[in-house]
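Worksheet: the structure to be examined is printed underneath.
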Amino acid sequence: MNNAIYATLSRQSGLLREMQTIANNMANVSTTGFRREGVVFSEYVAALDEAPSLAMAYGNGRNIDMRQGGLVSTGGAFDLAIEGDGFFMVETPQGNQLTRAGSFIPSAEGQLLTPDGHPVLDAGGGPVFVPAGQGHIAVAQDGTVSVAGAPVAQIGLFLPPEGAIPEHVAGSRFRVEGDPVPVEQPVILQGRLEESNVDPVLEISRMIEVQRSYEMGQSFLQREDDRIRGVIDTLSR
């Protein structure tokens with residue numbers, strides 16, 4: 001296999017990963033708090049004996065678009081949106097994780113949970129409990145939860161520790177190395193939810209570009225295969 005085929009195959013592999021990432025973005029265009037992902041290409045240059053260097057492109061890296069999504073009004077007492085920096089922290093079997101999806105529900109015992117049953121944590125890292133049937137529930141901008149005017153808990157907002165890069169694990173949840181840092185001036189809006197920050201028009205446009213690039217690579221590989229077969233056929237006569 002010649003060097004041109006190696007280089008093209010490495011690029012094709014990266015383009016395939018990018019297409020899969022775009023498809024995942026499109027599938028989550030309506031997912032609350034979802035963050036768009038992109039593929040980062042890097043160039044690998046290898047020195048060859050008695051030949052020019054071989055450069056190959058790898059699409060192994062990913063970046064997460066942390067721009068805020070639009071806010072939609074729901075009126076729900078436990079629908080919470082973050083304005084500005086920060087994440088809610090939830091407890092999962094895999095450890096504490098961060099999310100911008102603020103659609104929560106209280107359990108029968110009054111514990112605040114995510115739709116898939118993960119406890120929401122307060123500013124101190126403990127579970128949040130809201131007494132049921134005790135009166136009007138209000139959530140202040142700093143996360144303080146009040147029932148009938150009496151504060152009962154404070155929902156925490158956190159940031160990844162300095163230098164830590166959030167890793168997308170599932171849906172709109174992220175894992176970070178180290179202990180998340182509390183946000184000093186949190187802003188939580190009750191009765192609203194943050195939408196996905198995926199722009200479907202831009203994603204479709206990028207999908208078309210990636211598809212065309214992939215098809216060009218496939219066409220080149222087919223021509224190279226035909227050329228090599230022709231050379232072998234000629235030499236074997």
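The translational diffusion coefficient of the chain, from Stokes-Einstein at 4 °C and 1.567 mPa s with a Kirkwood hydrodynamic radius over alpha carbon pairs, comes to 62 µm²/s.
In the chain, the longest principal axis of the Cα atoms and the axis of helix 200-236 are about 20 degrees apart.
In this simple spin-label model, placing a label point 7 Å from the Cα along the Cα-to-Cβ direction at both residue 201 and residue 9 gives a separation of 4.1 nm. Spin-label pair residue 77-residue 223: with each label point 7 Å from Cα along the Cα-Cβ axis, the two points sit 6.8 nm from one another.
Between the Cα long axis of helix 3-27 and the first principal axis of the chain there is an angle of about 30°, rounded to the nearest 10.
The Cα center of region 92-127 and the Cα center of region 164-226 differ in position by 24 Å. Of 207, 89, the order by accessible heavy-atom surface (1.4 Å probe, DNA, RNA and ligands excluded), from most exposed downward, is 207, 89.
Stretching the chain fully between residue 132 and residue 40 yields a gain of 28.4 nm (0.36 nm per residue, less the alpha carbon separation). Dividing the mean sequence gap of close Cα pairs (under 8 Å, 6+ apart) by how many residues the chain holds gives a relative contact order of 25 percent.
A cut-off under 15 angstrom between Cβ atoms defines the neighbours of residue 154, and their net charge, with Lys, Arg +1 and Asp, Glu -1, is -3. Note on region 70-195: with charges restricted to the Cβ of Lys and Arg (+1) and Asp and Glu (-1), its dipole about the Cα centre is near 300 debye.
When the chain is described by a simple charge dipole with +1 on each Lys and Arg Cβ and -1 on each Asp and Glu Cβ, the residue from 160, 33, 10 located farthest towards its positive end is 10.
Under the simplified labelling scheme, the residue 162-residue 236 pair shows an inter-label distance of 6.6 nm, with each label point 7 Å from Cα along Cα→Cβ. Ordered from highest to lowest accessible area with the whole protein assembly present and a 1.4 Å probe, 145, 152, 187 read as 152, 187, 145. For the chain, a simple Cβ point-charge model (Lys and Arg +1, Asp and Glu -1, everything else neutral) yields a dipole of about 600 debye relative to the Cα centre.
The values are calculated or read from the model by the stated rules, or taken from the named source; none is laboratory data. Since the model is a prediction, treat every value here as computed from it, not as a measurement. Using ideal geometry, Cβ is built from the backbone for each residue, glycine included, and neighbour counts are taken over all protein chains shown. Accessible surface is based on the protein model in full, side chains and every heavy atom, while ligands, DNA and RNA are left aside. Shrake-Rupley method; radii C 1.70, N 1.55, O 1.52, S 1.80 Å.
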